[in-house]
Amino acid sequence: MGDIQFTDLERQQARIRKALDSAIARVLDHGHYIMGPEVAELEERLCEFTGAKYCVSCASGTDALLMPLMAWELKPEDMVFVPPFTFFATAEMPALLGAQIRFVDIDPQTFNMRADTLESAIQAAAGDRNIRGAVIPVDLFGQPCRYEDILPIAKKYGLRVLEDAAQAFGSTRFDKHACNLGADAAATSFFPVKPLGCYGDGGAIFTNNEELAEKLRSIRVHGKGLDKYDNVRLGVNGRLDTLQAAILLAKMEVFPEEIASRNCVARWYAEFLGQSQDMQLPTVDEGNTSVWAQYCVLLPPGARDRVVEHMKKAAIPVNIYYPKPIHMLEAFAHLAHRAEDFPVALEISRRILALPMRPYLEKHEVEYIASILIDAVNKSGK
Ligand SMILES: *Cc1c(COP(=O)(O)O)cnc(C)c1O
């Protein structure tokens, strides 16, 4: 058995190396490194893929969260509701703009934000006062939230919705694509190991609102007006590189097949790990398809340290997403939360383990990883 990597981009690259080489060569030949023709072409392709009307590519998934919040002119007294179990940037960007962060506990099956806990959090935060702000549901580990439940709650309280689809690009809910599920805007990331990744940082924002799309294009280039020396608002340098756009165009050619392969890997894991009663395996919510950004199992309480040790000894790379829920991170210490304030996020952060997941894993590798994991879990109980 060769070395198993957590995510190996080498096998993907071997498959599409020729297309990548010629895409990169084309950019070197035309030399438009900033906002070259590949950027507009990619945005068009991403619109076709998702069904969203407008796509504004940008420099990272983090910028894709920041820029819509800037466009909405978030103010310090505004409240932004986020799950405590996500990558830091989901809470970091609204906090950076000075908004008050309110956490909403997650669903124990999908790990996504729930509509009922969202409504309780809004009521606890606002009472009968009118509030302004936004909700940022996260499509964690590859599958969408239940937007048909979340959107009406946000609307009822006058809050905007920004879908954080950084881990779920390519997934669907009731046959509609992530990034086009009814939110006011959606953000995704093309960080190399996301389901659709480039070879550096990159991201994109989606919306069906023309005015917002125009504002985002301005914010992307320092708040440009008619030209970049006519600044009409504050913005950022948030452009996607032409080279990264060219790489993404080449990768999009194999992306649908890669999604199918990831689903195949997930089915193999379920088949082999299903023999053990001691783990909770990930499920796909009814109405969803997943792109399996991660394949995460829940271990028996207290077992994780020993299981991780065992996996390391067997040279199987595993990861923990996320070891600390955001309400317990030092950066949010000023909110003075107790660990138990969000009990589901806390419990899951203590028991979760991510296994190697990528389209190019082979069945015998999945079987091997599963057998070592089952063995590790059995031993950890004794
Ligand atoms: C990766 C990620 C981001 C940030 O994306 P970058 O491209 O790394 O800036 C935001 N939210 C979630 C949920 C992510 O997984």
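Scanning segment 71-88 for residues being surrounded by fewer than 22 Cβ atoms within 10 Å (Cβ to Cβ), over 16 Å from the mean Cα position of the chain (by Cα) and not acidic (Asp, Glu) gives a total of 4.
A quick yes/no check of all residues on (1) more than 16 Å from the ligand (Cβ to nearest atom); (2) within 18 Å of Gln167 (Cα to Cα); (3) free of Cβ contacts under 8 Å to residues at least 12 places away in the same chain; (4) part of a helix (DSSP H, G or I):
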{"residue": "Ala25", "(1), (2), (3), (4)": "yes, no, yes, yes"}
{"residue": "Asp29", "(1), (2), (3), (4)": "yes, no, yes, yes"}
{"residue": "Leu74", "(1), (2), (3), (4)": "yes, no, no, no"}
{"residue": "Gln109", "(1), (2), (3), (4)": "yes, yes, no, no"}
{"residue": "Glu119", "(1), (2), (3), (4)": "yes, no, no, yes"}
{"residue": "Ile122", "(1), (2), (3), (4)": "yes, no, no, yes"}
{"residue": "Ala134", "(1), (2), (3), (4)": "no, no, no, no"}
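A search for C-beta distances below 6 Å between a residue of segment 276-299 that is farther than 19 Å from Thr188 by Cβ and away from the ligand (no atom under 15 Å from the Cβ) and any residue that is of a type in the set (D, E, K, R) and modelled with pLDDT of 95 or more, counting only pairs 6+ apart in sequence or on different chains, returns Gly287/Arg173; Leu298/Arg351; Leu299/Arg351.
Selection of segment 138-155 for residues being small (Gly, Ala, Ser) and more than 16 Å from the ligand (Cβ to nearest atom) yields only Ala154. Of the listed requirements (1) buried (at least 23 other Cβ atoms within 10 Å of the Cβ); (2) within 14 Å of the ligand (Cβ to nearest atom), Glu92 misses just one: (1). Scanning segment 113-126 for residues that are of a type in the set (Gly, Ala, Ser) and more than 21 Å from Gly98 (Cα to Cα) gives Ala115, Ser120. Among the residues of segment 166-184, the one identified as in contact with a Pro (Cβ under 7 Å, 6 or more places away or on another chain) and among the aromatic types (Phe, Trp, Tyr) is Phe169. Restricting attention to segment 96-106, the residues that are surrounded by 19 or more Cβ atoms within 10 Å (Cβ to Cβ) and either within 15 Å of the ligand (Cβ to nearest atom) or within 22 Å of Val344 (Cα to Cα) (or both) total 6.
Filter the helices (runs of 4 or more DSSP H) completely within segment 144-259 down to those with at least 1 residues that are surrounded by fewer than 20 Cβ atoms within 10 Å (Cβ to Cβ) and among the charged types (D, E, K, R). Talk me through it step by step, then tell me what you get.
On the way: elements: 147-156, 210-220, 242-252.
Output list reads 147-156, 210-220.
Of the residues in segment 41-64, at least one is away from the ligand (no atom under 16 Å from the Cβ), over 22 Å from Leu181 (Cβ atoms) and either of a type in the set (A, V, I, L, M, F, W, C) or in a helix (DSSP H, G or I) (or both).
Would you tally the residues in segment 156-169 being within 16 Å of the ligand (Cβ to nearest atom) and over 11 Å from the mean Cα position of the chain (by Cα)? So that I can check it myself, show each step before the final result.
Here is the first cut: in segment 156-169, the residues within 16 Å of the ligand (Cβ to nearest atom) are 161-169.
Subset that is over 11 Å from the mean Cα position of the chain (by Cα): 161-162.
Total meeting the criteria: 2.
State yes or no: is Thr188 at pLDDT 95 or above, within 13 Å of the ligand (Cβ to nearest atom) and within 18 Å of the chain's Cα centre (by Cα)? Please lay out each step first, then the result.
Details: at pLDDT 95 or above: yes; within 13 Å of the ligand (Cβ to nearest atom): yes; within 18 Å of the chain's Cα centre (by Cα): yes.
Judged against the criteria, Thr188 is a match.
Residues to consider are Ile372, Ile316, Ile326; find the one that is of a type in the set (Val, Ile, Thr) and within 16 Å of the ligand (Cβ to nearest atom). Testing whether each residue is of a type in the set (Val, Ile, Thr) and within 16 Å of the ligand (Cβ to nearest atom) leaves just Ile326.
The values are calculated or read from the model by the stated rules, or taken from the named source; none is laboratory data. What you see is a predicted model; the values in this text were computed from it and never measured. Note: ideal-geometry Cβ built from the backbone for every residue, glycine included; neighbour counts use all protein chains shown.
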